[in-house]
Amino acid sequence: MPSQKMKSTETESEKILSLIERLNGNEHISEDELTSFISLTLSDCKVPQLPNADVPYSYEDFDGVGRKAEVQFNIISRILDYIQRERENARQFSSTLIRNTLVCCFLAACEYAEEHWEWSDHRTAQVSMKVVEKVCTLHGCCSVKEFLTCKGHQNCGTSTEDGHIKYILQKLSEVLIKSTWRSYPGIKMSYWRILHYLDNDTLGDQLAYLLPPALFIVDDWEQKNKILGIECLQFILDHTPGAELRWYGRAAVIYDALKALIHSREPEVLEVLYPAITKVARIIDADPANSGTLNKDSSCDILLEQLLREMAHEQKLSLRAVYAAALPPVLSAMGILTLRWSKDLMNVCTDYLATADGPSATDRLHILKALQAYVRECWPRVYVEAEDILKMLVRLIYDVTLEDAGLDAETIEAVCKECERVMGLLHAAAPTTTQQLCLGLCSLTVHPCCQHWLHRLMLVTSAHI
C-alpha cells in the first residue's frame, strides 16, 4: 500500500510538471484540455466536504488543506496567464470557457480569502487573492466590484452585461441550501466574502439569492454560525434600502429570524444581535402604512419591552454589559413612545448606575447615553422624571469620586462629563424644573472631588439660562 501511494504521488507530480511545461511553452492546448485541467485543479483546491456535518470543525480537520491549495492555486495562475497570453496573440476562446473559468476560479479563491479560517493560512490567502487579481485582469477590469457587476467597465464582453454576480450566486445556491450547507464550510465563507464585495444597488437586485443563506445560517445551533448569520444579515440591512426590505415581507422575515435569538444567554451572540434587530425593527416601523397610528405592538416596542425585562433581572456581568450597550440605540429607535416604558426604564437605569462594573465603568457610560437618548426623544414629558434622573446623576458622581471606587482620573472625568451632557439636555427640555431641583446642590456636605463635579453640574444649568 505505501508503495502504491508513492507511485500515485510521483505520477501526480509528473502530470503537474508536464502541465506547467506545456503552459510555459508555445504549445497549443485545446479548449477541451484546458477545461479538463481547470476542473481537475479546482477540484483539488476546494475546501473538502465535512464527513459529519453535525460535528463542529476545527483546524485539525483541515490539516494540509491549505498547503495543497497553495500548489493548485499556483497552477491556476499559470493557466490564467496562458489564456491571457493566447488572447493577446489573437486566439479566440469560447465565451462559455471564459465565463466558467472566471467564475469557478473566483469561487475557489474566495474559499481561502482569509488567513484565519481553519483551512487557510497566510501564504494560501495571498496566493488565492493573486488568482482573484488575475481573474479580474483576464476579464479586463480593475476590481472585483467591476468583475461582479460590470459597473465602471466599458467592455465586459465575456458573458453578460450585468457582470458575473448572478451566475456566481446561482452556482453557490446549488450547494448552499438548508439541508447541506453545514457540510461545505468553504462555500459558506465564500458566500460571506462575496456578500461583502457587493455595493448597495447590486445587493438589492440579488436579495432573492443572498437572503436565504443568511437566514438558515443564523438559525443554526452553533455559536459561530449564529454570529456569522447575524453579521450577514446586518450587512444586508446596512446596504439595502428599507423600502426594498419591506417588499414581500423580507424585513419581517429577518426580524422573526433574529427575534428567535433574543433569549440567548451567549453574550457573543447578543452583542451582534441587538444592533441588527434594532435596525430591522426601525425599518419595519418606518412603513408609511403605519404613519399616523400609535401601534402598541410595534417591533421597537416589543424589543424595548424584552430588553428592559432582561436587564431588570440579569445578574451576569457579561450579559449586563451587552444589554447596557444595546439600550441607547433601542431608545433612539423607539422615539417618544419610550414614555410608555418610563417607569421600568428609570428602575433599570437606577440599578445599573448604582452597580460598580469595573475600572472602565463601561456599563455606566452606556446607561448615561441611554438617559441622554431618553431625554432627547421624550423631552415634552421629561420634566416628570427630572427628579429621578437628577438623583441618579448625583448618586453616581458621589460613588465614582470616592477614593476607594477603584477608578482612575480619566474614567471619573468621562463619567462626570456624560452626567453633564444629561444635565444639559434635561435643562434644555425642562429649564424651570431643573433649576428648582438644583437649588442647594452645591451646599451638600460631600468630599472635595464630588463637590467639584457637583459644582460643574450646577454650572451647566446656569450656562443655559
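Out of all the residues in the stretch 22-52, which are surrounded by 15 or more Cβ atoms within 10 Å (Cβ to Cβ), hydroxyl-bearing (Ser, Thr, Tyr) and farther than 23 Å from residue 124 by Cα?
Within the stretch 22-52, just 35 meets the criteria.
Please go through the stretch 399-415 and pick out each residue that is surrounded by 18 or more Cβ atoms within 10 Å (Cβ to Cβ) and over 37 Å from the mean Cα position of the chain (by Cα).
Hit for the stretch 399-415 is 401, nothing else.
Where residues in the stretch 302-341 are small (Gly, Ala, Ser) and over 18 Å from residue 280 (Cα atoms), which of them is surrounded by the most Cβ atoms within 10 Å (Cβ to Cβ)?
Let us first name the residues in the stretch 302-341 that are small (Gly, Ala, Ser), namely 312, 318, 321, 324-326, 332-333, 335.
Adding the requirement that they be over 18 Å from residue 280 (Cα atoms) leaves 312, 318, 321, 324.
Values: 312: 12, 318: 13, 321: 21, 324: 25.
If we take residues in the stretch 302-341 being small (Gly, Ala, Ser) and over 18 Å from residue 280 (Cα atoms), then 324 is surrounded by the most Cβ atoms within 10 Å (Cβ to Cβ).
Which of the residues belonging to the stretch 88-118 are in contact (Cβ under 8 Å) with a residue 24 or more places away in the chain and farther than 20 Å from residue 144 by Cα? Reasoning before the result, please.
Narrowing the stretch 88-118 to residues in contact (Cβ under 8 Å) with a residue 24 or more places away in the chain: 93-95, 97-114, 117-118.
Result: 93, 94, 117, 118.
Could you check how many residues of the stretch 99-137 are aliphatic (A, V, I, L, M) and surrounded by fewer than 18 Cβ atoms within 10 Å (Cβ to Cβ)?
Start the filter on the stretch 99-137 by keeping residues that are aliphatic (A, V, I, L, M), which leaves 102-103, 107-109, 113, 125, 127, 129, 131-132, 135.
Filter once more, keeping what is surrounded by fewer than 18 Cβ atoms within 10 Å (Cβ to Cβ): 129.
The total comes to 1.
Among (1) in a loop (DSSP other than H, G, I, E, B); (2) touching a helix residue (DSSP H, G or I) at 6+ places or on another chain (Cβ under 6 Å); (3) not aromatic (Phe, Trp, Tyr), which single condition is residue 44 missing?
Failed condition: (1).
Suppose we filter the stretch 193-210 for residues that are free of Cβ contacts under 8 Å to residues at least 40 places away in the same chain, surrounded by fewer than 18 Cβ atoms within 10 Å (Cβ to Cβ) and under 17 Å from the mean Cα position of the chain (by Cα); how many remain?
1
Residues 393, 437: which one is in contact (Cβ under 8 Å) with a residue 40 or more places away in the chain, out of contact with any Lys or Arg (no Cβ under 8 Å at 6 or more places or on another chain), part of a helix (DSSP H, G or I) and more than 22 Å from residue 359 (Cα to Cα)? Spell out the reasoning first.
Details: 393 fails: more than 22 Å from residue 359 (Cα to Cα).
Answer to the selection: 437.
What helices (runs of 4 or more DSSP H) completely inside the stretch 204-302 contain at least 2 residues that are farther than 21 Å from residue 331 by Cα and of a type in the set (A, V, I, L, M, F, W, C)?
Answer list for the stretch 204-302: 207-218, 223-238, 242-246, 250-259.
Yes or no: residue 298 surrounded by fewer than 24 Cβ atoms within 10 Å (Cβ to Cβ) and either farther than 26 Å from residue 247 by Cα or within 22 Å of the chain's Cα centre (by Cα) (or both)? Let's see the steps before the verdict.
On the way: surrounded by fewer than 24 Cβ atoms within 10 Å (Cβ to Cβ): yes; either farther than 26 Å from residue 247 by Cα or within 22 Å of the chain's Cα centre (by Cα) (or both): no.
No: the conditions fail for residue 298.
Are any residues in the stretch 176-185 within 15 Å of residue 210 (Cβ to Cβ) and assigned to a helix (DSSP H, G or I), and if so, which ones?
Listed by number, the list holds a single entry, 181.
Quick one: in the stretch 53-86, which of the residues that are under 34 Å from the mean Cα position of the chain (by Cα) and more than 20 Å from residue 120 (Cα to Cα) is modelled with the highest pLDDT?
Of everything passing the filter in the stretch 53-86, 80 is modelled with the highest pLDDT.
The values are calculated or read from the model by the stated rules, or taken from the named source; none is laboratory data. Because the structure is predicted, anything quoted here is derived from the model rather than measured. Here the Cβ is made from the backbone with ideal geometry for all residues, glycine too, and neighbour counts use every protein chain on show.
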